[in-house]
1. Which order results if Asp797, Asp654 are arranged by neighbouring Cβ count within 10 Å, fewest first?
2. Among Ala552, Ala568, Pro509, which residue has its Cα furthest toward the positive end of the charge dipole of segment 481-573, with +1 on Lys/Arg Cβ and -1 on Asp/Glu Cβ?
3. Test of understanding: ordering Ile386, Ile586, Ile344 by Cβ neighbours within 10 Å, fewest first, what list do you get?
4. Please state the Cα pair-distance histogram of segment 524-619 with 5 angstrom bins from zero: what percent is in each bin?
5. Rounded to the nearest 500, what is the 222 nm mean residue ellipticity of the chain from helices alone, with -39500 (n - 2.57) per DSSP H run of 4+ residues and division by all residues?
6. At 0.36 nm per residue, minus the direct Cα-Cα distance, what do Lys173 and Lys457 gain on full extension? Give it in nm, one decimal, please.
7. Give me the Kirkwood hydrodynamic radius of segment 481-573 in Å, from all C-alpha pairs, to one decimal place?
8. Under unit Cβ charges (Lys, Arg +1; Asp, Glu -1), what dipole magnitude, rounded to 20 debye, does the chain have relative to its Cα centre?
Amino acid sequence: MGSCSNKSENTKQGIIKVKTPGKPVLTEPSDNLEKDIKPENLKDLEQSRQIERMNSQMKIEMDNLVRNLSKTKDVMQIKAFSKVKSTQNITEAASAIVTSPNKTHSDIELIRKCLAKHFLLGQLMETQIKEMINGMKLFTMEAGKNVFQERQSGNLFFIIASGTLEVYISGEKVNTLEQGMSFGEGALLQNVPRAATINTITECTLWGLDRETFRKVVAELNAANFEENMKIIENTSIFAELTYDQKEALVESLSIINFEPGCNITKEGDSGDLMYIIKEGNAVCTKEGAELCRFSKGECFGEQALFFKTARSATITALDNVKCLSLASETLSQVLGSHLQAIIYKNSLRLAIKSSKYLKKLSKMQEELLIRSMSIGDFSQDTVIIPSGTGKNSDIIIPLKGELKGPNGTIRALKVIGETEIIENSTETWTSDVIANSNTTIGYISRALFEEAIGGKYSDCVGNNSKIRLLKSVPLFRTLTTEQYNGIIKALRLGEYGDGQTIFEENDPGESLFIIKSGMVDIKKKGNYIRSISKNDYFGERSILFSSPRTATAIAKGRVIVWVLFRADFLLVINDKIRYNLVKRIELQDETIKMQDLKIVKLLGKGMTGIVFLAVHKHKKLLYALKTVHRQKIYEYNMYHGIQLERDILLQLDHTFIMKLVKTFKDKKRIYFLTEYVRGMDLFDVIRAMNFICEKHARFFVGSLMLVLEDLHEKSIVYRDLKPENVVVDDEGYLKLIDFGTAKFIKGRTFSVLGTPQYMAPEVIMGTGYTVSADLWSLGIMMFEFLFGYVPFGECDTDPVVVYEKVLERNIDYPNIPNNVYVEARDLCEQLLSKNPIMRNGGSSEILKKHKWFTGFDWELLISRQELPPYVPKLSKIEKDVEKALESLQNIDDIIGKEEGFAIENFDDDRYEWSKYLENFAGIY
């Protein structure tokens, strides 16, 4: 799956990657047929490999030729849905007699032995293996019968209980399979075509498992196991102060160890760095042979060794079969970043800050910087913490453990001392010593360091925080820099209106934007009430760019105070580049556009279900991409939920590096997505055209994608198919993420296996449940590809199952380069490609953006599209095509129908309950 970038003597030569638009799984699958192959079959195996290589090369050359012939410079923006037709369910092993007999001991052992040797199935938990064995059915087949056909959709995984089978690829016999071997495992993960034909030679019995049963077993048991382990961590007192994310990180890092009755779990005097939590069973604790206590489910021991790596002070012995969750000190350090106690103290500081009258108003970044800047110290009882006569505005002090005794009584833990005096600039002093009432731990920071951490005087910083948050709520301002925000804040003016007073009238000249500070405003159009807006809402935003007439009347409902930004002041703050980008963005917010306003310029692309056209507005001459999906296709491909979900997700997004949805329509034949027209080249093609990508240019690409994922993840959206083919480099050189057909709103964990194999995270492949951090793995793969010219797992493999195996092994194949080259880059790659999902962002997106590799990188210039792009595509001119379309007489329905290539009249809405599935798509009939 490699690119042509960075090709040199020090890097691996990549292969041509075949691009099939719209398909998450790009390559032909080939079931793993090499398990337990006997020596006499080695010749057949070699022939199989030769045929696979020939077929793979032929496919690459043919697909690449087709791709180049059909490729246009104007890359389509929305790719078609790719799902298997609901009307094409093909039965595998159709001639088999299928039964569910009780399995004998030898049956179970044969299945267990086969599963244990499998790269994917061998990693399952014991309970999952038992459920899989229970769910397997027996397929009895006569000699000379077909199990499944090459290129047929697959759903079943088989283990050979008896008999012999033969394997054919492209009509040639390539292998023979016997008892104890397995085949078809790719079908358990995804609905991908079979890469070979399997026929019985003799009468055979096969143990078969379908994908639905497998996914259910894996998902349900992993979800239940995760919840159970999370409850255990939450009920373990030493972890009580951790955040949910930190607890989740620990759950992801736990290992399970089983002990038989009488086995020592720990032994007195031994060194150890493992902590144990009993999940099942009971254990006894003895010291020098004497029983001290007993442990049961949910209780932990060994934490002293975990924190301090001390020798075991007692022996713990299993009384019955004991299942323990174990956690190593090294793992703890990797997951939490430092000593557990320090983490707990930092979390306590965070809790105290959020409970503080003043400090809770800090931004997330200011809060994080304050916590990092605070010192933590331990003090014994009666130690003087603050000497008499010290100014109360000199330090901020927070007791974290224990209590302090001051002139006005006891100061309890998590009480913030000194914040009021610093913020209000008090000149008071302490009239007596403040001492530790017991052994005490405190967090403290001087006034000077406090102001340095938050970025200046509290009143200035916090005052601007609220205004910046307010300005960021206006989509128009989201890409501005901090300097520009501060400039706008200085330009804001306060305005006040009495009840019933008109703020402006429809058709008045527009010269200002209003943001409501307090009160409520009624919006009316042609005398008719439209809506009411209140605190923090805004109106009149088009006026500061276009000076256009007001399109509605705004009337104060009660006393109203507003922030007013005048157009002249705003234009002084921003430069021409920013203004140009803002004008383009605001034009995409035209909710009045109708299908009748559009003309088709040309076809941009076709998928299995959707067709994308370039369209132009008849009057404004603005360009759009119009995706059409026939209702018959939606029915055939069972896309009701998916197409509604894509719309819901796109409506949530308004980011400069994400394709913008303008509006959706529907009629009796089709649904339509009208989107921003992103004119450019696929990132897939750009990284080949560039040939060599230096670290500076890689930072531009990776940084842009990090900002995109930050926005998606903050909205609880997981993308699930991040790869170069789903990113367009636009006509100015900036990235645009497209194709949201696999994206999903996520709460908690999800289990669907989606994506492109070389870019899929291990937890996605395993089906153990994943969150938005799966996207960060994909970003890590892309970063590696930018820098080294090939993907780290499965570069030359066309079989998804082989790729999955390499991903799960996680042996990153770096090129042969000196150790002092790409040091920070490799460190970030390792972090993003961590098997523990929680560790990929280092704790938050802000921390990830502060990685050493990004030292000196200007994030604000990037988001405001002022950072110089490394590559600007050279695109063909389309002005003549646009003019021709504007001058033509068109029937859009005829144009679309001709490209669809099938004749279906109006679809039966009532029969298929379209109002239920697509009720939110605006009608145009």
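1. On the way: Asp797 21, Asp654 16.
Ranking Asp797, Asp654 by Cβ neighbours within 10 Å, fewest first, gives Asp654, Asp797.
2. Result: Ala552.
3. Fewest to most other Cβ atoms nearby, the residues stand as Ile586, Ile344, Ile386.
4. Histogram of Cα-Cα distances, whole percents per bin: 2, 8, 14, 16, 17, 14, 11, 9, 6, 3, 1, 0.
5. -10000 deg cm²/dmol
6. 94.4 nm
7. Numbers: mean 1/r = 0.0746 Å⁻¹.
Result for segment 481-573 stands at 13.4 Å.
8. On the way: 120 positive and 123 negative charges, 499 e Å.
So the magnitude is around 2400 debye.
Coordinate-derived values only; no laboratory data. None of these values were measured; they are calculated from a predicted model. Here Cβ is always computed from backbone atoms with ideal geometry, including for glycine, and neighbour counts include all displayed protein chains.
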